[in-house]
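The values are calculated or read from the model by the stated rules, or taken from the named source; none is laboratory data. All figures in this text were calculated on a predicted structure; none of them were measured in a lab. Backbone-built Cβ (ideal geometry, glycine too); neighbour counts: all protein chains shown. Keep in mind that these areas ignore ligands, DNA and RNA; they rest on the heavy atoms of the full protein, side chains included. Shrake-Rupley method; radii C 1.70, N 1.55, O 1.52, S 1.80 Å.
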Amino acid sequence: MLKFQSYEHVRLILGDQLNANHSWFKQAKDNTLYLIAEMRQETDYVTHHIQKICGFFAAMQAFANALQQAGFNVLHLNLDDTQHDHDLSALITRICHTYECQYFSYQRPDEYRLSQQLSHLSLPICQISSVETEHFLLPFAEIDQHVIKGKHVTMEHFYRKMRKRYKILMDGNQPQGGKWNYDASNRAKLKKSDLPQIPAPLLFETDISEIKTRIARHGIKTIGELNEPFIWPVNRTQALSLLSYFCQYLLPQFGHFQDAMTANSQHSWSLYHSRLSFALNTKMLHPMQVISAALNAFEQGQGNIDIAQLEGFIRQILGWREYVRAVYWANMPDYSNFNTLAANRPLPVFFWNAKTKMRCMQHAISQSLKTAYAHHIQRLMVTGNFCLISGIDPAEVDSWYLGIYIDAIEWVEMPNTRGMSQFADEAIIATKPYAASGNYINKMSDYCGDCHYQVNEKITENACPLNSLYWHFMQRHRERFETNPRIGMVYRNWDKQAEASRQATLTRAQWCLENIDEL
């Protein structure tokens, strides 16, 4: 129950703005009401994984409860309460009118569509203002100083500037350990003897049965499976526990095996990855909090963490995460329409049910449907690579990634998918496509040993589809890529093959494309 029937000030908290350390929450004020709401607008703009919707709703509820316990006036509305509000603007208008507010404020949304919606909000009875989320390490106002619309900016250069700015892993003006980047040391494959050493993931047991029932009652379309009780962190305490667990048990081997994949461990879905992205992207955790925890574990000698493991992790948080956000905001809304390679093939049906004979794809998609999670190499070099070399429409790829992963919010999903994965963004992020044959999968995983297809074959009926699709992709885009110094050698190798062999490879690829749903 709320204390009063009217409030001078209403403040909106979106589902990815669960930052308890925001300056809004330094002191509770009787004249201020905080609004947190479940909305069909947010459940329906793409088909989401059931765990993603449950995770956001549970985290929003937990945050509302925490604020109330701290003495703040909070109006937490669920789907039942907002079912007659056709969108967020309508809800805000109703609440401001109901509680006779004079001021309405919101934190800057991280998604372009929400930013546009709120910037066009009209409330004749209220004065509207916005504030920063106080989450990212690169201030929004400085994005255009680092990223220019339509221009490529190398992530490594951006990352080094951020290292210097925050004095992280630095000895004066030089990188600690003498190197900026230890990526070359972090490409190990998991051997059979490594598998028993993989730690069990830390899982939680949150009761989300009421949320699940509410989602079903409102007929919300979802994908994927739902684990009960719920395994993902939905409050700050759980998120901090997951961070601590990562630093103690996973970080010591994180970098070493960060690109590795396996189907032969009960922990193959989690491996040494932090799985902190949902807690970070909902702002339950601050990026500097995560970086500091990893640095402290390293400096205290916890688990014999070497600098290669630490740098690989910090690069993801301080470098890549901040970089893709900057690229997103510098290039929206045009970025969402880029399709550099004119890819237009529909997404195959097995992306929704994992029914494919390709072992790597079956494992990555099945895992995604079961857990709402896949690590970055599965996203980039398994499902992403297949979509790239098959010419799948990047809009359909975007929608799938945005919906299926619990951590997917457009600012981070779209540059990773349309840019890094699909090479569809006019080379703003990547200077070459991350295209690969089955050889890469075989090098970094144990998928190929149990696969229906033969990874060492290109043209036979049982040949790995990735092998011929790779060459078909490279050949149909030859004019664009042949002069690229990073991949020009590929064409010289292709030209050395016999004409009959090249034609047989392209014929096999064409068959795969024409029968893509049956692969």
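Under a 1.4 angstrom probe, counting protein chains only, how are M332, M162 ranked by accessible area, largest first?
M332, M162
If you plug each phi of segment 340-345 into the Karplus form 6.51 cos²θ - 1.76 cosθ + 1.60 with θ = phi - 60°, what whole-Hz ³J(HN,Hα) values come out, in order, with x for Gly and Pro?
Whole-Hz 3J(HN,Hα) from phi for segment 340-345: 3, 8, 6, 6, 9, 6.
Cross-link partners among lysines for K283, C-alpha distance below 20 Å, same-chain residues fewer than 8 apart left out?
Counting by Cα, and skipping residues close in sequence, K283 has these lysines nearby: K26, K52.
Measuring from centroid to centroid over Cα atoms, what is the spacing of segment 160-187 and segment 490-519 in Å?
Taking the Cα centre of each part, segment 160-187 and segment 490-519 sit 42 Å apart.
Can you give the alpha-carbon Rg of segment 19-112 over 2.2 N^0.38 Å, where N counts its residues? Write down the numbers at each step before the final one.
Working: Rg = 13.9 Å, N = 94, 2.2 N^0.38 = 12.4 Å.
For segment 19-112, the normalised Cα radius of gyration is 1.12.
Against the empirical 2.2 N^0.38 Å scaling, what ratio does the C-alpha Rg of segment 47-99 come to?
My calculation over the Cα atoms of segment 47-99 gives 1.30.
Rounded to whole Å, give me the distance from the Cα center of segment 198-268 to that of segment 16-75.
One Cα centre to the other: 20 Å.
On a 1.4 Å probe surface of the protein chains, which of L202, L240 comes out largest in accessible area, and what is the full order? List each step's numbers first, then the result.
On the way: L202 45, L240 65 Å².
Sorted descending by solvent-accessible area, the residues read L240, L202.
Run the numbers for K167 and W494: contour at 0.36 nm per residue of separation, minus the present Cα-Cα distance, in nm.
Details: separation 327, 0.36 × 327 = 117.72 nm, distance 4.62 nm.
Additional length available on full extension: 113.1 nm.
Could you state the principal axis extents of the C-alpha atoms in the chain, from the largest down, to the nearest angstrom?
Taking the Cα atoms of the chain, the three principal extents are 81, 51, 44 Å.
For a quick check: with amide H placed at 1.01 Å from N, whose amide H comes under 5 Å from M170's, ignoring anything fewer than 5 positions away on the same chain?
The answer is Q176.
Based on the alpha-carbon set only, what is the convex hull volume of segment 380-519 divided per residue, in Å³? Please report the intermediate quantities before stating the final value.
Details: hull volume 17.3 nm³, N = 140.
Hull volume normalised by residue count: 124 Å³.
Using Cα positions and a limit of under 19 Å, work out the aspartates and glutamates in reach of K151, with same-chain residues fewer than 8 apart set aside.
Output for K151: E142, E322, D334, D425, E426.
Need the list of lysines near K191 for cross-linking: C-alpha distance under 17 angstrom, and skip anything on the same chain fewer than eight residues off.
K443
Can you give the FRET efficiency for S193 and T213, using 1/(1 + (r/R0)^6), R0 = 30 Å, r = Cβ-Cβ distance, to the nearest 0.05?
Computed FRET efficiency for S193 and T213 comes out at 0.05.
What is the list of residues in segment 214-238 whose amide nitrogen lies under 17 Å from a point 7 angstrom out from the Cα of A90, following Cα to Cβ?
In segment 214-238, the label zone of A90 (backbone N under 17 Å from the point 7 Å along Cα→Cβ) covers 218-220.
Quick check on the chain: helices-only [θ] at 222 nm, where DSSP H runs of length 4 and up contribute -39,500 (n - 2.57) each and the sum goes over total residues. Nearest 500, please.
Using -39500 (n - 2.57) per qualifying helix, the result is -11500 deg cm²/dmol.
Convex hull volume of the Cα atoms in segment 114-264, per residue, in Å³?
Dividing the Cα hull volume of segment 114-264 by its residues yields 259 Å³.
Among K29, K496, K212, what's the order by accessible area (1.4 angstrom probe), most exposed first?
K496, K29, K212
Using packing as a proxy for protection, rank 167-178, 388-399 so that the peptide with the highest average count of other Cβ atoms within 10 Å comes first.
In decreasing order of mean packing, 167-178, 388-399 become 388-399, 167-178.
Are there any helices in the chain, counted as whole DSSP H runs, that stretch 20 Å or more along their axis by Cα and score at least 0.0 on average by Kyte-Doolittle, and if so which?
Numbers: long enough: 50-69 (28 Å, 0.64); 499-514 (22 Å, -0.66).
Both cut-offs are met by 50-69.
Using only alpha carbon pairs under 8 Å that are at least six residues apart, calculate the relative contact order of segment 124-277 and give it in whole percent.
Averaging sequence separation for qualifying contacts and normalising by length gives 26 percent for segment 124-277.
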